[in-house]
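Enquirer: Here you go, one structure.
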Amino acid sequence: MTTDGRPTNDDLRAWDDDHVWHPFAPMSAFREERVPVVVDAEGFELVDTDGRRYVDGVSSLWCNVHGHRVSEIDAAVRHQLDRVAHSTLLGLASGPSADFAKRLVDVLPAGLTRVFYSDAGATAVEAALKMVVQYHCQKPNPDPPGQRRLFVSLDEAYHGDTIGSVSVGRTEGFHRVFDGLLFDTLKVPAPVALRTPDGLDRRAYLDWCADEMERVVRENGERLAGFVIEPLVQGAAGILVQPEGYLKRVREVTAELAIPLVADEVAVGFGKTGTMFACEQEDVRPDVLCLGKGISGGYLPLAATVTTDEIFNAFLGDPSRGRTFFHGHTYTGNALACAAGIASLDLFERDAVLDNVVEIAGVMAARLDVLVDHPHVAEVRQRGVMVGVELVRDRNGLVPFERSHRLGHQVVLEARRRGVIVRPLGDVVVLMPAVGMPADVVERLCEATVESIDVVTRRAAASS
Ligand SMILES: *Cc1c(COP(=O)(O)O)cnc(C)c1O
């Protein structure tokens, strides 16, 4: 402790080691690494206890929008703090949550009119799943309970870490211990064609994926509660970019069979793919749209599950009929978070952020172009500001590096030395700058990443 009773930098490091269990972290290795302890930020940089500055290359895990310490958002939160920080939506309404709901509906695809708030992407998805299951039991010409309980989702999907959202997420690997706790879902192939089965070229394989999706939906139509998808880009799977027309085809077949489409825009929403929402690019209106991450500008925990009047109306009626949606979280519609969300939407307009996305996406494509033919890069995938660079030992056979190399992780460490924070998904190096990041900072981010990939892959290839 310092003489005035505040923790020193060494205290903070020690207390993190002793008490903080980090998400998705192999904690024994993590402690050895002495990760930066962030205490400040300015613009698009984070500052650690040693005063070192780092470009926030993954927008603080895909949620930061306009940078850090944005004066307009800071002021909006402070102003709200002078009125009320939080009051419940259970039995009461709140000004900021009503204001923000209206603002969201105004920018969302037409017809999405009912906003159910929660506080994380996973809870937004969880609420969506329960909402559509209950909807089928209460809609006009209802199905008996239990009739429609199967969800369709994509292989390698990621929808959050609660049991329900994991159930519609990927199946193998770190979820095996939860077998039996997860509910069954139907999986359809992720429409990506880096590795195609023998005899099929990319186009043919992608067509097969879409046909297979349609077959699974048609064969199970009567048993399906809904279809859950990350529109345009499967983020956590490694920035898997869907071919044009896939989302539209999912919408067409689900609409024809009256199967609710749940679009999880937690990652892709708020500009990341170049439009405010990814669904817009295929002119798709889902029945339920999940928002999180960037919804508060990356300031405070907030999420929303937005749906149509049609679904909402199935929950109306005399209270004694029990048609209520019995679901809610304590911090639902938090006033400070909604105030930040409103300020963020204002900045989208004032700063023409969607134009900036187009510009910096172009900068990224140009700067990362040198990786396209790199001997250890299988593929550079990009949509808007979402970029994944997949590293391999041998580009021709698409042979991965041995897992013990933890290659993606090595790139992260190398980039950190160069003053840049990135975060891998296995051997996929992910870049996800804030949509408001200026072009010159994006250049620095790309340059450091290219250098780091070069150094690390060369070292790994030489070592065995
Ligand atoms: C991050 C993410 C989630 C989960 O959001 P949390 O706020 O971490 O619970 C859900 N869906 C997608 C597509 C995501 O990228």
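Enquirer: Of (1) farther than 26 Å from PRO243 by Cβ; (2) outside any helix (DSSP H, G or I); (3) touching a Phe, Trp or Tyr at 6+ places or on another chain (Cβ under 9 Å), THR457 satisfies all except one. Which?
Expert: (2)
Enquirer: Go through region 76-116 and report how many residues are closer than 30 Å to GLU310 by Cα, free of Cβ contacts under 8 Å to residues at least 40 places away in the same chain and exposed (fewer than 13 other Cβ atoms within 10 Å of the Cβ).
Expert: The total comes to 5.
Enquirer: Next question. Does LEU300 count as assigned to a helix (DSSP H, G or I) and in the same structural domain as LEU92 (by TED's automatic domain parsing)?
Expert: Values: assigned to a helix (DSSP H, G or I): no; in the same structural domain as LEU92 (by TED's automatic domain parsing): yes.
Against the criterion (assigned to a helix (DSSP H, G or I) and in the same structural domain as LEU92 (by TED's automatic domain parsing)), LEU300 does not qualify.
Enquirer: Can I ask one more? List pairs: first residue in region 406-421 and over 16 Å from PRO433 (Cβ atoms) and polar (S, T, N, Q), second residue crowded, with 18+ Cβ neighbours inside 10 Å and modelled with pLDDT of 95 or more anywhere in the structure, Cβ distance under 6 angstrom, at least six positions apart or on different chains.
Expert: Matching pairs, first to second residue: GLN410/VAL456.
Enquirer: Still on this structure: With at pLDDT 95 or above and part of a loop (DSSP other than H, G, I, E, B) as the only criterion, which of LEU129, LEU92, LEU61, LEU104 stands out?
Expert: That would be LEU92, the only listed residue that is at pLDDT 95 or above and part of a loop (DSSP other than H, G, I, E, B).
Enquirer: Just give me the residues in region 334-349 being over 22 Å from LEU89 (Cα atoms) and not in a helix (DSSP H, G or I), in sequence order.
Expert: Result: no residue meets the conditions.
Enquirer: If ALA29 satisfies all but one of (1) farther than 30 Å from VAL115 by Cβ; (2) within 16 Å of the ligand (Cβ to nearest atom), what's the number of the condition it fails?
Expert: (2)
Enquirer: Can you tell which of VAL192, VAL166 is farther than 27 Å from ASN313 by Cβ and either in a helix (DSSP H, G or I) or among the polar types (S, T, N, Q) (or both)? Please lay out each step first, then the result.
Expert: Numbers: VAL192 fails: either in a helix (DSSP H, G or I) or among the polar types (S, T, N, Q) (or both).
The match here is VAL166.
Enquirer: Residue check: is GLY238 outside any helix (DSSP H, G or I) and within 16 Å of the ligand (Cβ to nearest atom)? Break it down stepwise before answering.
Expert: On the way: outside any helix (DSSP H, G or I): yes; within 16 Å of the ligand (Cβ to nearest atom): yes.
The answer is yes for GLY238.
Enquirer: Would you call ASP18 assigned to a helix (DSSP H, G or I), exposed (fewer than 10 other Cβ atoms within 10 Å of the Cβ) and not basic (Lys, Arg)?
Expert: Details: assigned to a helix (DSSP H, G or I): yes; exposed (fewer than 10 other Cβ atoms within 10 Å of the Cβ): yes; not basic (Lys, Arg): yes.
Judged against the criteria, ASP18 is a match.
Enquirer: Turning to a different aspect of this structure: Restricting the first residue to region 156-170 and requiring it to be under 14 Å from ALA263 (Cβ atoms), which pairs with a second residue that is surrounded by fewer than 23 Cβ atoms within 10 Å (Cβ to Cβ) and of a type in the set (S, T, N, Q) meet a Cβ separation below 8 Å and a spacing of at least six or different chains?
Expert: If the second residue must be surrounded by fewer than 23 Cβ atoms within 10 Å (Cβ to Cβ) and of a type in the set (S, T, N, Q), the pairs left are VAL168/THR185.
Enquirer: Checking THR305 against (1) touching a Cys at 6+ places or on another chain (Cβ under 6 Å); (2) under 30 Å from VAL441 (Cα atoms); (3) hydroxyl-bearing (Ser, Thr, Tyr), only one condition comes out false. Which one?
Expert: Tallying (1) touching a Cys at 6+ places or on another chain (Cβ under 6 Å); (2) under 30 Å from VAL441 (Cα atoms); (3) hydroxyl-bearing (Ser, Thr, Tyr), THR305 fails exactly one: (2).
Enquirer: Here's a follow-up. Taking region 213-235 on its own, how many of its residues are of a type in the set (A, V, I, L, M) and either outside any helix (DSSP H, G or I) or within 12 Å of the ligand (Cβ to nearest atom) (or both)?
Expert: Step one: filter region 213-235 for residues of a type in the set (A, V, I, L, M), giving 213, 216-217, 224-225, 228-229, 232-233.
Then drop every residue that is not either outside any helix (DSSP H, G or I) or within 12 Å of the ligand (Cβ to nearest atom) (or both), which leaves 224-225, 228-229, 232-233.
Count: 6.
Enquirer: Right, LEU206: in the same structural domain as GLY121 (by TED's automatic domain parsing) and part of a loop (DSSP other than H, G, I, E, B) or not? Reasoning before the result, please.
Expert: On the way: in the same structural domain as GLY121 (by TED's automatic domain parsing): yes; part of a loop (DSSP other than H, G, I, E, B): no.
So LEU206 does not fit the description; no.
Enquirer: Next up: Here is a list of conditions, (1) touching a Phe, Trp or Tyr at 6+ places or on another chain (Cβ under 9 Å); (2) within 27 Å of MET386 (Cβ to Cβ); (3) assigned to a loop (DSSP other than H, G, I, E, B), and THR254 meets all of them except one; can you say which number that is?
Expert: The single condition THR254 does not satisfy is (3).
Residue-by-condition table, conditions (1) buried (at least 19 other Cβ atoms within 10 Å of the Cβ); (2) touching a residue at least 60 places away in the same chain (Cβ under 8 Å); (3) assigned by TED's automatic domain parsing to the domain that holds VAL132; (4) within 16 Å of the ligand (Cβ to nearest atom):
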| residue | (1), (2), (3), (4) |
| --- | --- |
| ARG251 | yes, no, yes, no |
| THR254 | yes, no, yes, no |
| PRO260 | yes, yes, yes, no |
| ASP264 | yes, yes, yes, yes |
| GLY269 | yes, no, yes, yes |
| GLN281 | no, no, yes, no |
| THR324 | no, no, yes, no |
| ALA340 | yes, yes, yes, yes |
| ASP346 | no, yes, yes, no |
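Enquirer: Only residues that are modelled with pLDDT of 95 or more and among the charged types (D, E, K, R): list them for region 428-464, please.
Expert: So the first thing to find is which residues in region 428-464 are modelled with pLDDT of 95 or more, and the list is 428-457.
If the condition is that a residue be modelled with pLDDT of 95 or more and among the charged types (D, E, K, R), then ASP440, GLU443, ARG444, GLU447, GLU451, ASP454 are the ones that fit.
Enquirer: Tell me, please, whether a residue that is of a type outside the set (Val, Ile, Thr) and over 25 Å from the mean Cα position of the chain (by Cα) can be found in region 334-341.
Expert: So far as region 334-341 goes, no, none of its residues is of a type outside the set (Val, Ile, Thr) and over 25 Å from the mean Cα position of the chain (by Cα).
Enquirer: Among the residues of region 138-193, what is the count of those that are hydrophobic (A, V, I, L, M, F, W, C), more than 22 Å from LEU206 (Cβ to Cβ), touching a strand residue (DSSP E or B) at 6+ places or on another chain (Cβ under 7 Å) and away from the ligand (no atom under 16 Å from the Cβ)?
Expert: Residues of region 138-193 hydrophobic (A, V, I, L, M, F, W, C): 150-152, 154, 157, 163, 166, 168, 174, 177-178, 181-183, 186, 188, 190, 192-193.
Then keep just the ones that are more than 22 Å from LEU206 (Cβ to Cβ); that gives 150-151, 163, 166, 168, 174, 177-178, 181-183.
Still in the running and touching a strand residue (DSSP E or B) at 6+ places or on another chain (Cβ under 7 Å): 150-151, 168.
Adding the requirement that they be away from the ligand (no atom under 16 Å from the Cβ) leaves 150.
Final tally of qualifying residues: 1.
Enquirer: Out of all the residues in region 289-310, which are under 24 Å from VAL228 (Cα atoms), more than 13 Å from the ligand (Cβ to nearest atom) and crowded, with 24+ Cβ neighbours inside 10 Å?
Expert: VAL306, THR307
Enquirer: I'm told MET364 meets every condition in (1) within 16 Å of the ligand (Cβ to nearest atom); (2) touching a helix residue (DSSP H, G or I) at 6+ places or on another chain (Cβ under 9 Å) except one. Can you identify the failing condition by its number?
Expert: Against the list (1) within 16 Å of the ligand (Cβ to nearest atom); (2) touching a helix residue (DSSP H, G or I) at 6+ places or on another chain (Cβ under 9 Å), MET364 comes up short only on (1).
Enquirer: Could you list, ordered by first residue, the pairs with Cβ atoms under 7 Å in which the first is in region 120-142 and in contact (Cβ under 8 Å) with a residue 40 or more places away in the chain and assigned by TED's automatic domain parsing to the domain that holds GLY298 and the second is surrounded by fewer than 24 Cβ atoms within 10 Å (Cβ to Cβ) and acidic (Asp, Glu), at least 6 apart or interchain?
Expert: ALA122/ASP161; HIS136/ASP143
The values are calculated or read from the model by the stated rules, or taken from the named source; none is laboratory data. Predicted model only: the values in this text are computed from it and were never measured. Here Cβ is always computed from backbone atoms with ideal geometry, including for glycine, and neighbour counts include all displayed protein chains.
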